[in-house]
Amino acid sequence: MKPGLALSVSGAAVALAFAALAQPAPGARAPNAAPVDPATLQGLPAARDYRPPEGVRTRTADIVSDNVRLTAQLFYAAENEGRKLPTVVMAPGWGATAATLREDAVDLARAGYLAMLFDYRGWGESDGRVALVGARPAAGGAFTTEVRELRGYVDPWEQGEDWANAISYATTEPMADPGRIGLLGSDLAGGHVIRLAAQDGRIRALVSQVTSADLRPYKPYQPDPAKVIAEANAAAAGLAAGRTSYPPKGARTGDLVGAAVGNKAVRWAPVEDATLVGAPALFVLAQNEELFANANNGQLACERVTGPRRLMMLPGITHYGIYGAERRRAIGAAIAWFDRYLKPDAAPAQGDAKPPERGECFPPPEPPKGEEDPNGSGESKRTQDASGRWN
């Protein structure tokens, strides 16, 4: 989905920088199966064609974000039809679409939540902003002209507004309890949920997976951070002067789907907002993260949040392993966190309140799956079959 660090606007510079990023971290252990970037998946069914598993219901909705229509999909257990439910809002990371989140949404629905996932403007099934192809007519009022839809670019600032508007929409859903809203995001979206929780008092809990919370360039992930910033600023100047256009649909940053706009990525650092996060925050990271430094992203954000916190380090996986071999453990931890902080029956009785959880932000990795107890299955040591998991 993305390199959780700054993006150069020079194709050659980006390719060189991300070739370095593709190298495994020092001492990294190979994961059980080749991880898959969800952004590269093709042919996922449209929301209207998607058929959920038995016992789960889904429907689509339109969200209006800055006058752009976004497509959302809601999931809930059939047995909860018509009930007010704690609600989890979700969106994808760099270059991916909401369709890749459906399996997590199904798990949340089965656990008693209303899960709402959505596509950013210009991605998936959502509309994009439009720009005039020619000059605007001199006369005021309505006019007819040719426009170009902007799609497939990465603008974390616009995406943040889409998150905020999706949360506002969720409060209008008849089945959503507006007093029990949680956020779940991974990769770039793992940074978004931090920034939203810092700014929006409606958020009661958040889960940030493989957290990318600082796109400013730094070594060793960018060999020449000053050059990256200079190129990004030059691109922004070209856009502001009308000399250049937004990246076209299909543009890439190295092997990553989607290209950043101007200098918007290098100015985006929600880790700096983490000190304002008082909502309970769970961070689920990959031990062998290769796209950015955990210490500068999820672990630093964990240290800075002021409310209940926990950091879970998944063993032996790289960035995309959280969508494959360790997906079940990651979503299971998220559900347990939301159960504790979003469900009334999870709240302690009066007089039995426990002190807020303030877990370590640099804990040892979790034990390999199946080795949590002597009777474990050791299932994680086998290659995980991911066939069909995105549909």
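Set side by side, the residues GLY242, GLY238, GLY250, GLY258 differ, and just one is at pLDDT below 90 and either touching a Leu at 6+ places or on another chain (Cβ under 8 Å) or of a type in the set (Gly, Ala, Ser) (or both), which is GLY250.
GLY43 fulfils the conditions (1) assigned to a loop (DSSP other than H, G, I, E, B); (2) under 30 Å from GLU290 (Cα atoms); (3) modelled with pLDDT of 95 or more except for a single criterion, (3).
Looking only at residues in the stretch 325-372 that are among the hydrophobic types (A, V, I, L, M, F, W, C) and in a loop (DSSP other than H, G, I, E, B), the one that is modelled with the highest pLDDT is CYS361. Quick check on ALA72: is it at pLDDT below 95 and of a type in the set (Gly, Ala, Ser)? It is false that ALA72 is at pLDDT below 95 and of a type in the set (Gly, Ala, Ser). Residues that are part of a loop (DSSP other than H, G, I, E, B), in contact with a helix residue (DSSP H, G or I) (Cβ under 9 Å, 6 or more places away or on another chain) and basic (Lys, Arg) within the stretch 247-305 comprise LYS264, ARG267, listed in sequence order.
Residue-wise test of (1) outside any loop (DSSP other than H, G, I, E, B); (2) within 21 Å of LEU342 (Cα to Cα); (3) more than 14 Å from the chain's Cα centre (by Cα).
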{"site": "THR87", "(1), (2), (3)": "yes, yes, yes"}
{"site": "MET90", "(1), (2), (3)": "yes, yes, no"}
{"site": "GLY95", "(1), (2), (3)": "no, no, no"}
{"site": "LEU108", "(1), (2), (3)": "yes, yes, yes"}
{"site": "GLY124", "(1), (2), (3)": "no, no, yes"}
{"site": "ALA131", "(1), (2), (3)": "yes, no, yes"}
{"site": "ALA139", "(1), (2), (3)": "no, no, yes"}
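Take the stretch 162-206 and flag every residue that is acidic (Asp, Glu) and either within 18 Å of ARG310 (Cα to Cα) or in contact with a Lys or Arg (Cβ under 9 Å, 6 or more places away or on another chain) (or both). Within the stretch 162-206, ASP162, ASP177, ASP187 meet the criteria.
Looking only at residues in the stretch 46-57 that are of a type outside the set (A, V, I, L, M, F, W, C) and assigned to a loop (DSSP other than H, G, I, E, B), the one that is modelled with the lowest pLDDT is ARG48. Applying the selection to the stretch 297-343, what residues are under 30 Å from LYS219 (Cα atoms) and of a type in the set (Ser, Thr, Tyr)? Within the stretch 297-343, THR306, THR318, TYR320, TYR323 meet the criteria. Filtered by the rule that a residue be in contact (Cβ under 8 Å) with a residue 40 or more places away in the chain, in a strand (DSSP E or B) and out of contact with any Leu (no Cβ under 7 Å at 6 or more places or on another chain), the stretch 58-71 gives VAL64, SER65, VAL68, ARG69, LEU70, THR71. Checking each residue in the stretch 110-122 for being assigned to a loop (DSSP other than H, G, I, E, B) and of a type in the set (Phe, Trp, Tyr) picks out TYR113, TYR120. Being within 23 Å of ASP273 (Cα to Cα), small (Gly, Ala, Ser), surrounded by 24 or more Cβ atoms within 10 Å (Cβ to Cβ) and in contact with a Leu (Cβ under 6 Å, 6 or more places away or on another chain) holds for only one residue in ALA205, ALA232, ALA189, and it is ALA205. State whether one or more residues within the stretch 169-181 are modelled with pLDDT under 95 and in contact with a strand residue (DSSP E or B) (Cβ under 9 Å, 6 or more places away or on another chain). Within the stretch 169-181, none of the residues are modelled with pLDDT under 95 and in contact with a strand residue (DSSP E or B) (Cβ under 9 Å, 6 or more places away or on another chain).
The values are calculated or read from the model by the stated rules, or taken from the named source; none is laboratory data. From a predicted model like this one, the values you see are computed outputs, not experimental measurements. When we count neighbours, we look across all protein chains shown, and the Cβ atoms used for this are built from the backbone with ideal geometry, even at glycine.
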